[in-house]
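Data block below; observations after.
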Amino acid sequence: MEIPDSAAVDQARNHADEAALAALVDQYAGALYRVAFSVLRNPADAEDAVQEAFLRVLRHRDTLGEVRDHRVWLIRIVWNIVLDRKRRAKTRPETDDVEELARVLPSAGLSAEQVAAAAQHHAHVLACVDQLPAKEREVLQLSAFEELSSVEIAAVLGITESSVRSRLFRARNLMAGLLNHARSLR
């Protein structure tokens with residue numbers, strides 16, 4: 001039996017690491033983009049955040065085998081990146097870009113009026129989400145936009161599951177109040 005030299009073993013390991021990283025990118029890039037976009041509200045910044053997350057994964061690829069849930073782990077990385085960017089920027093840019101709304105909103109089979117109404121409703125809901133206190137907004141975004149369970153949200157935010165449930169309860173009640181208030185003004 002011939003023992004392979006260390007260069008061949010290293011080459012095989014690097015190829016396996018690249019394949020694992022490519023699989024992570026294929027599987028989770030869309031979800032990570034949605035998380036980043038839900039906070040940053042800017043397509044280019046969201047793409048940059050996702051790219052930075054995968055660069056961090058690449059730098060720490062030796063720990064990939066130790067990660068139990070790659071989805072939660074990656075979302076936590078992106079979440080931390082976007083929060084850091086928001087802290088640095090201290091502003092939340094809003095998009096009025098029609099092309100971006102057309103890309104985000106489904107439009108198959110809808111009339112121009114329906115697309116415009118859907119875009120207006122979408123913008124209104126996002127504006128209501130923006131009015132929520134930060135802790136409730138974070139939990140609602142991860143729950144509603146990314147459909148994470150309360151256990152997964154607790155892992156991403158580093159809080160208890162009961163805190164997630166109570167924040168989500170408050171967020172939903174606040175959203176209902178905001179949406180009802182806006183509806184009564186019409």
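Readers should treat all values here as calculations from the given coordinates under stated rules, not as data from a laboratory. None of the values given here were measured: they were computed from a predicted structure. Glycine also receives a Cβ, built like all others from the backbone with ideal geometry; neighbour counts cover every protein chain displayed.
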³J(HN,Hα) computed for each position of region 72-87 - Karplus, 6.51 cos²θ - 1.76 cosθ + 1.60, integer Hz, glycine/proline x: 5, 4, 5, 5, 5, 4, 5, 4, 5, 5, 5, 5, 4, 5, 5, 4
In nm, the gap between the two label points placed 7 Å beyond Cα toward Cβ at Glu18 and Lys135 is 4.7
